[in-house]
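Just below is one structure, and these are the notes that go with it.
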Amino acid sequence: MTMTNIKTLIAGATILGALSAVSPAFAVDEYNVSTGTTLTGAGVALRGADAVALATGLELTPGDATFTVERDGVAYYFASEDTKARFEADPDRYLPQYGGFCAFGVAIGMKLDAAPQYADIVDGKLYVFLNAVAFGKYLEDKAGTLAKAEENWPGMHHLSVEEVNGLGS
């Protein structure tokens with residue numbers, strides 16, 4: 001299967017979900033957030049999963065709104081005061097790469113939603129993926145996927161999902 005076919009397959013099956021998962025409150029979609037928001041209007045990152053548990057052991061642990069940290073207009077939920085404090089002490093250590101968008105999507109030039117159950121840690125960095133298909137394609141060539149994503153991200157980081165994914169009017 002060619003990269004174009006893979007891109008078309010993933011995009012066709014998930015583009016509506018990717019768009020609905022990004023909050024319209026942000027003028028440019030720099031972060032992938034859930035459609036649900038906090039009382040302050042911030043979108044929720046990682047579908048509410050505890051970023052510290054995910055970034056340190058790939059543990060999918062539901063966060064609790066009681067333990068919330070907002071950063072750059074994005075809410076991160078944590079399972080405990082301990083993981084919240086660890087995040088506050090060093091947030092860059094726990095933040096997902098590419099604003100929480102699917103790393104494989106970024107590698108193929110798209111901003112796609114990401115599900116925290118499809119995640120990997122490479123060189124201490126957390127990467128999340130859209131689904132089992134995108135995660136499987138990433139596993140076929142981790143280094144190549146991440147190199148391409150690193151190359152693509154600067155040119156798409158500050159653009160909206162619609163602009164990046166070619167959905168603008």
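The values are calculated or read from the model by the stated rules, or taken from the named source; none is laboratory data. Computed from a prediction, not measured in an experiment: that's the story for all the values here. When we count neighbours, we look across all protein chains shown, and the Cβ atoms used for this are built from the backbone with ideal geometry, even at glycine.
Residue selection: L112 fails the criterion of being under 22 Å from A75 (Cβ atoms), modelled with pLDDT of 95 or more, in contact with a Pro (Cβ under 7 Å, 6 or more places away or on another chain) and among the aliphatic types (A, V, I, L, M). Considering the stretch 85-96, and only residues there that are in a helix (DSSP H, G or I) and without any contact (Cβ under 8 Å) to a residue 40 or more places away in the chain, the residue that is nearest to D120 (Cα to Cα) turns out to be R93.
For the stretch 111-127, the candidate set comprises residues that are in a loop (DSSP other than H, G, I, E, B) and out of contact with any Cys (no Cβ under 6 Å at 6 or more places or on another chain); within that set, the residue that is nearest to S160 (Cα to Cα) is K111.
Go through the residues of the stretch 53-63 one by one and say whether even a single one is in contact with a Lys or Arg (Cβ under 8 Å, 6 or more places away or on another chain) and under 27 Å from H158 (Cβ atoms). The answer is yes, given that some residue of the stretch 53-63 is in contact with a Lys or Arg (Cβ under 8 Å, 6 or more places away or on another chain) and under 27 Å from H158 (Cβ atoms).
Pull up the stretch 141-161, narrow it to residues that are under 16 Å from N32 (Cα atoms) and in a loop (DSSP other than H, G, I, E, B), then point me to the one that is modelled with the lowest pLDDT. Checked the stretch 141-161; the qualifying residue modelled with the lowest pLDDT is S160.
Each residue in the stretch 101-125 was checked for being in contact with a Phe, Trp or Tyr (Cβ under 8 Å, 6 or more places away or on another chain), surrounded by fewer than 24 Cβ atoms within 10 Å (Cβ to Cβ) and in contact (Cβ under 8 Å) with a residue 24 or more places away in the chain, and 4 pass.
Note on the stretch 136-163: residues that are touching a helix residue (DSSP H, G or I) at 6+ places or on another chain (Cβ under 6 Å) and closer than 13 Å to V122 by Cα total 2. The single condition among (1) surrounded by fewer than 23 Cβ atoms within 10 Å (Cβ to Cβ); (2) farther than 19 Å from E30 by Cα that A134 does not meet is (1). Looking only at the stretch 18-77, residues that are of a type in the set (S, T, N, Q) and either outside any loop (DSSP other than H, G, I, E, B) or modelled with pLDDT of 95 or more (or both) come to 8 in all.
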